[in-house]
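A.B. asks: Before anything else, here's the structure in question.
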Amino acid sequence: MRGARPLKTGRSSWLENTSVLAFVLLAPTIILVFGLLLYPILNTVWLSFTDLKLSVPQSGAFIGLNNYLKAFQDPEFVASIRRTIYFAVVTVPVETVLGLLIALVLCQKFKGRGFVRGLIILPWALPYVVNGAMWKWIFNANYGAFNALLSQWGLIDSYRIWLGNPTTAFNLIILANVWKETPVAVILIHAALQSISPDLYEAARVDGAGAFRRLWYITLPIIRPVLAVTMVIKTVWALKEFDLFYIITQGGPANATNVATFYTYLTTFRFLDFGYGSALAFVMVVIALVIAALYVRMISREEPY
């Protein structure tokens, strides 16, 4: 009949429900995320409340917060946390400041700028294992390039065992991490600098503002959110750093480079204490969240400029 509405099947009306359709389309992704991310996290949370130890039969009973209480009474773990925080406190500001300086240079016009931009990414493009093995060879006491370079410059009389000294070994790993991770800060900050209108700098020049005042009153306030994101990301990465410590020193000498991630690895996969190891992992997650929140609060607060 003329003017009559077409009949809708149950299937077509079901598809026209946008909420249901969206859920159906997202269901595979939701299942994948739950299976690969959420379930392992929830399972690890449960394990942190048990005494599961694969080397002990009939283990895995619920013990409440005992693992967490044990963690803060464990002198080795507390010492590893101090080393980890020192590593993050040193590497994150150094990498961010270096990233800012290099990004400012790359924003200037000079011959070969495109080549330099590509070259900056090279350290970050190296796999972590390759990077750690490379620095281990560089610091080798017998034929390392670091000893050879210092000897040629006359700074040392004989080759030294750099990785045999606790303080030196830790700081050399910091050097290796700065070399590896600074390009990330360069990329993020350089992208933020490209978004600043040149008219702002031109107006500041007309008003008589020098380079430092333009940096302080124009550049830094505008890119402050990017600096905050950069420092948060690098803080989380620094607190979970494992590869360099494992490849270069394996926690030595005398546990001087035994950071929290490496101690958690030893507890979980060498001593097979999955309950206690899971608790240690979540303690580090909480510490990472707290430090990241402090960075955001200090750097991202709104200020007039």
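A.B. asks: How many residues does segment 138-176 hold that are in contact with a Leu (Cβ under 9 Å, 6 or more places away or on another chain) and on the phi > 0 side of the Ramachandran plot?
C.D. replies: The total comes to 0.
A.B. asks: Separate question: Would you confirm whether any residue within segment 177-189 is farther than 20 Å from Leu122 by Cβ and open to solvent by less than 50 Å² (accessible area, probe 1.4 Å)? Even if it seems obvious, please write down each step before you answer.
C.D. replies: If we filter segment 177-189 for residues that are farther than 20 Å from Leu122 by Cβ, which is where we start, we get none.
Taking every residue of segment 177-189 in turn, none turns out to be farther than 20 Å from Leu122 by Cβ and open to solvent by less than 50 Å² (accessible area, probe 1.4 Å).
A.B. asks: Go through segment 50-74 and count every residue that is in contact with a helix residue (DSSP H, G or I) (Cβ under 7 Å, 6 or more places away or on another chain) and not in a helix (DSSP H, G or I).
C.D. replies: 5
A.B. asks: Out of all the residues in segment 55-90, which are of a type in the set (A, V, I, L, M) and open to solvent by less than 100 Å² (accessible area, probe 1.4 Å)?
C.D. replies: To start, the set of residues in segment 55-90 that are of a type in the set (A, V, I, L, M) comprises 56, 61, 63, 65, 69, 71, 78-79, 81, 85, 88-90.
Listed by number, the residues that qualify are Val56, Ala61, Ile63, Ala71, Val78, Ala79, Ile81, Ile85, Ala88, Val89, Val90.
A.B. asks: Further question: Being surrounded by fewer than 24 Cβ atoms within 10 Å (Cβ to Cβ), hydrophobic (A, V, I, L, M, F, W, C) and assigned to a helix (DSSP H, G or I) is the filter here; which residues of segment 249-269 pass it?
C.D. replies: Phe262, Leu266, Phe269
A.B. asks: Here's something else I'd like to know. Output the residue which, of all residues in segment 223-246 that are open to solvent by 30 Å² or more (accessible area, probe 1.4 Å) and touching a residue at least 60 places away in the same chain (Cβ under 8 Å), is farthest from Val283 (Cα to Cα).
C.D. replies: Top of the filtered list is Arg224.
A.B. asks: Between Leu193, Leu220, Leu172, which is touching a residue at least 24 places away in the same chain (Cβ under 8 Å) and surrounded by fewer than 21 Cβ atoms within 10 Å (Cβ to Cβ)? Explain how you work it out, then say what you get.
C.D. replies: On the way: Leu220 fails: touching a residue at least 24 places away in the same chain (Cβ under 8 Å); Leu172 fails: surrounded by fewer than 21 Cβ atoms within 10 Å (Cβ to Cβ).
Residue meeting the stated conditions: Leu193.
The rows are residues; the columns are (1) in contact with a Gly (Cβ under 8 Å, 6 or more places away or on another chain); (2) within 30 Å of Phe212 (Cα to Cα); (3) in a loop (DSSP other than H, G, I, E, B); (4) modelled with pLDDT of 90 or more.
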| site | (1), (2), (3), (4) |
| --- | --- |
| Val92 | no, yes, no, yes |
| Ala103 | no, yes, no, yes |
| Gln108 | no, yes, yes, no |
| Gly114 | no, yes, no, no |
| Ala148 | no, no, no, yes |
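The values are calculated or read from the model by the stated rules, or taken from the named source; none is laboratory data. Since the model is a prediction, treat every value here as computed from it, not as a measurement. When we count neighbours, we look across all protein chains shown, and the Cβ atoms used for this are built from the backbone with ideal geometry, even at glycine. We work out accessible area using only protein heavy atoms, side chains counted, and drop any ligands, DNA or RNA first. Shrake-Rupley method; radii C 1.70, N 1.55, O 1.52, S 1.80 Å.
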